[in-house]
Each structure stands twice: as structure tokens, then as C-alpha cells.
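One structure is given here, and the rest of the page talks about it.
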Amino acid sequence: MVDKIIVEIVDELDPSGVYQELSDPNSGGFCVFVGAVREFTQNEQVMALEFETYQGMAIKEMTKIAQDAMKKWDLNKVVIRHAVGKKEVEEPVVVVGASSAHRDACFTACRYLIDTLKETVPIWKKEMFKNKSIWVSATP
Amino acid sequence: MEVLLFGIAKDIVGSSSYTISENAVMPTSVAELKQQLTTDFPELGKLSSLAVAVNSEYAEDGVLLQSQDEIALIPPVSGG
């Protein structure tokens, strides 16, 4: 299973290579989600997002998510890659993807990959506004 | 005992790690550690959630702490 999973934390994220990474002779379907920095959140202009991580644990949690997805659905390859550091509007920050023989498995798995990453992987995002910055979801 | 800090927890404590001094009462479990840290830093108690990782795995309140463990405080995550 190991060579079928790619999990990484990177400084610069380039989603353009993910097709090659997921490609394999048994895959007829690919589903990829890319998350990027959006300019407005609740009508406030975001200058940038700053991401930090507890890297060793993040890699472990991302590996668990990828392995769980491979057990739940008939997938051939899985990629989970997240960026850290300061990212500006329109920059990609996360890419997850899966390939499978048919589209149903990879569509469902792709949603699971990003939803579970957001719940469990120790990565923190700070929204930088003009005059303040806020750690997202930190307080009720 | 050293506790690694990230995100808002790092900002609240003002450092990327916090050392519980040898002279203090050592917390023996995850629950005791959380209790001690939220007493020392009340702002930590106001977060949406506060988890602890022991050796880079999420640890329930009952998990016992050993002196050589790598311990980290995990405030609400917000990746993606």
C-alpha cells in the first residue's frame, strides 16, 4: 500500500503534477480537490493566510487518512499534500486526490480525504487582515 | 516536562514550548496536564477544544505520561 500513497507537507505547493502521481494502468477515473486562499471571508478582505503544522504528527495523521480511504474504497492511488508558511490570495494550499477504476470510488474518497484532513490533521491557519490576524476556529 | 505548543496555544503562552519545572507537581495523565495548563493559562480554557498528543498521537484524558514522552498541546485544527 505504501507506494500507492503520497503524503507531504511542503513549502510551495504545485498541484499540476498530481495527475502523473495518481496515474496508473488500472485507473479510469481521477478526482482531485485543490484548496486555495480566498480573498474574502465573511465580507472581510484577507491579505494572506499563514499555515503552521506539527509536522511529524501531521504526516502520521495524513497517512492514516490515506490508508483508511484505501480500505474503504477500491482506490489505486491517493495523494494528500498540504502547504505551510504564508500564502497569498489565489495560491493553492492543499491538494488531495484519488484514482480508481471507475469514478464513484474516487469521487467519494476525495471528499473523505479533505473533510477528514480538516478535522484531524494538526495544521493551523491564521487569517491575516489589514489590521488584525485571527487563528481560524480557535474560539467558539 | 516539556510541552510543544502550536497555533493559538503558542500565542497564548508566548513560546513554542512550555516547561513544567522539576520543582512543580508533575502531571501524571493527560487530564492532569490539561488541568494544570488551563490553570496556568486561563485563555487556553476558552478555546473551542484542546487536545493533547503523546508521541504524536491524539491521547485521551486517561493516558498516563512518561518522562520521555513527546507531548504537544493541540488547539482546534484548521487545515485545508
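When every residue of the stretch A:104-116 is checked against the conditions, none turns out to be part of a strand (DSSP E or B) and in contact with a helix residue (DSSP H, G or I) (Cβ under 7 Å, 6 or more places away or on another chain). Exactly one residue out of A:V96, A:V89, A:V78 is within 14 Å of chain B (Cβ to nearest Cβ) and surrounded by 14 or more Cβ atoms within 10 Å (Cβ to Cβ), and it is A:V96.
Restricting the stretch A:128-140 to residues that are more than 11 Å from every other protein chain (Cβ to nearest Cβ) and part of a loop (DSSP other than H, G, I, E, B), the residue that is nearest to A:E21 (Cα to Cα) is A:F129.
What about A:D14, is it touching a Ser or Thr at 6+ places or on another chain (Cβ under 8 Å), at negative phi and more than 14 Å from chain B (Cβ to nearest Cβ)? No, not satisfied. Of the residues screened, A:E61 is one that is charged (D, E, K, R), modelled with pLDDT of 95 or more and buried (at least 16 other Cβ atoms within 10 Å of the Cβ).
Regarding A:K87, is this residue in contact with a Ser or Thr (Cβ under 8 Å, 6 or more places away or on another chain) and over 30 Å from A:H102 (Cβ atoms)? Against the criterion (in contact with a Ser or Thr (Cβ under 8 Å, 6 or more places away or on another chain) and over 30 Å from A:H102 (Cβ atoms)), A:K87 does not qualify. Within the stretch B:3-35, the set of residues being within 9 Å of the chain's Cα centre (by Cα) and either more than 25 Å from A:V121 (Cα to Cα) or not aliphatic (A, V, I, L, M) (or both) comprises B:Y18, B:K34.
Residues of the stretch A:81-91 include none that is touching a helix residue (DSSP H, G or I) at 6+ places or on another chain (Cβ under 6 Å) and hydrophobic (A, V, I, L, M, F, W, C). Looking only at the stretch A:21-36, decide whether some residue is in contact with a strand residue (DSSP E or B) (Cβ under 9 Å, 6 or more places away or on another chain) and surrounded by 23 or more Cβ atoms within 10 Å (Cβ to Cβ). Yes, the stretch A:21-36 has at least one match. Against the conditions (1) open to solvent by 50 Å² or more (accessible area, probe 1.4 Å); (2) facing chain B (nearest Cβ under 10 Å); (3) touching a residue at least 12 places away in the same chain (Cβ under 8 Å), A:K125 satisfies every one except (1).
Looking only at residues of the stretch A:19-63 that are among the small types (G, A, S) and free of Cβ contacts under 8 Å to residues at least 60 places away in the same chain, we find that the one that is farthest from the other protein chains (Cβ to nearest Cβ) is A:A36.
The values are calculated or read from the model by the stated rules, or taken from the named source; none is laboratory data. Just so it is clear, the model here is predicted, and its values are computed rather than measured. Using ideal geometry, Cβ is built from the backbone for each residue, glycine included, and neighbour counts are taken over all protein chains shown. Ligands, DNA and RNA are stripped out before the accessible areas are found, and what is left, the full protein with its side chains, is counted by its heavy atoms. Shrake-Rupley method; radii C 1.70, N 1.55, O 1.52, S 1.80 Å.
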